[in-house]
């Protein structure tokens with residue numbers, strides 16, 4: 001695991017706050033179209049949240065236009081104060097135990113072959129809300145069989161007990177984003193720990209060797225290329241199969257500034273490096289986010305897994 005020096009952490013008061021000019025290769029598609037409007041109405045009718053909306057994902061137009069979305073569970077208020085995230089922070093409402101049913105019905109209405117489910121952090125609960133993840137996985141399987149399921153989970157503060165609740169429901173992909181390099185953890189996500197991310201990803205593989213584990217890194221927060229590659233090596237050593245790498249885009253002036261934009265060549269370099277060191281799949285481009293091309297990932301890798309080890313993962317097409 002990479003060493004975490006304390007003296008090299010960024011002082012937020014010394015960060016350059018002059019906005020950088022966005023390069024021409026970063027173009028965000030505005031949401032529009034009949035499918036987008038239908039999805040918008042569906043989410044509102046079932047009182048559901050999506051991370052696409054709450055986090056102002058740059059791919060919302062593309063993904064919603066294609067009929068896909070990432071569901072955000074346990075409300076729209078997070079208990080952590082990460083410097084990159086635009087989700088509201090504060091004291092969340094009690095859990096809604098009917099939410100898994102509404103999400104499962106939406107997945108069925110959308111006729112999804114791959115569903116991506118995430119949540120806010122719920123540090124107000126000892127289990128971090130893990131039972132809600134388990135419930136939605138099981139309910140989707142009941143009413144929409146054949147749909148593969150990816151869960152993007154919090155770190156549950158490294159709790160093995162909470163993680164086991166999720167893993168016992170057997171998602172096809174267990175995702176937890178490390179987000180940044182160890183040196184910047186306390187600046188970027190002050191209530192998180194690198195060791196909790198490690199525990200989440202390594203324990204997931206121990207609890208279910210068949211699960212595909214996944215993680216993601218944002219670029220442009222002050223890290224070096226060498227630090228990114230060292231973090232990638234850590235993630236691979238933890239058994240991670242799928243890696244996403246994207247450019248950090250500042251949601252507002254209240255959030256951490258962009259230290260620099262990475263070039264397309266640098267994103268390609270990191271993709272090539274990731275495949276070279278053994279990741280099964282690497283998505284690396286400026287607008288890549290955690291669930292980008294998620295359905296394609298699980299279809300391809302599950303087929304490879306079945307060829308090598310037998311039919312332990314359900315077909316997704």
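Miscellaneous remarks
- For segment 270-281, the criterion of being in contact with a strand residue (DSSP E or B) (Cβ under 9 Å, 6 or more places away or on another chain), at pLDDT below 60 and either over 15 Å from residue 150 (Cβ atoms) or surrounded by 14 or more Cβ atoms within 10 Å (Cβ to Cβ) (or both) is met by none of the residues.
- Taking the listed residues 221, 212, the one that is touching a helix residue (DSSP H, G or I) at 6+ places or on another chain (Cβ under 8 Å) and modelled with pLDDT under 95 is 212, with no other qualifying.
- Residue that is surrounded by 21 or more Cβ atoms within 10 Å (Cβ to Cβ) and farther than 21 Å from residue 218 by Cβ, where the choices are 179, 172: 172
- The set of residues in segment 138-158 being under 18 Å from residue 201 (Cβ atoms), in contact with a helix residue (DSSP H, G or I) (Cβ under 8 Å, 6 or more places away or on another chain) and free of Cβ contacts under 8 Å to residues at least 60 places away in the same chain consists of 149, 151, 153, 155, 156, 157, 158.
- Residues within segment 249-269 that are within 30 Å of residue 203 (Cα to Cα) and modelled with pLDDT under 95, tallied: 0
- Qualifying residue in segment 305-314 (condition: within 25 Å of residue 70 (Cα to Cα), crowded, with 17+ Cβ neighbours inside 10 Å, modelled with pLDDT under 95 and more than 17 Å from the chain's Cα centre (by Cα)): yes
- Breaking point among (1) buried (at least 16 other Cβ atoms within 10 Å of the Cβ); (2) in contact (Cβ under 8 Å) with a residue 40 or more places away in the chain, for residue 125: (2)
- None of 145, 154 is assigned to a loop (DSSP other than H, G, I, E, B), closer than 24 Å to residue 102 by Cα and under 14 Å from the mean Cα position of the chain (by Cα) except 154.
- Whichever residue in segment 162-181 is over 30 Å from residue 226 (Cα atoms) and in contact with a strand residue (DSSP E or B) (Cβ under 9 Å, 6 or more places away or on another chain) and, among such residues, is modelled with the lowest pLDDT: 172
The values are calculated or read from the model by the stated rules, or taken from the named source; none is laboratory data. Treat the numbers as computed from the prediction; the structure is a model and nothing was measured. All Cβ positions, even for glycine, are placed from backbone atoms using ideal geometry, and neighbour counts span all protein chains on display.
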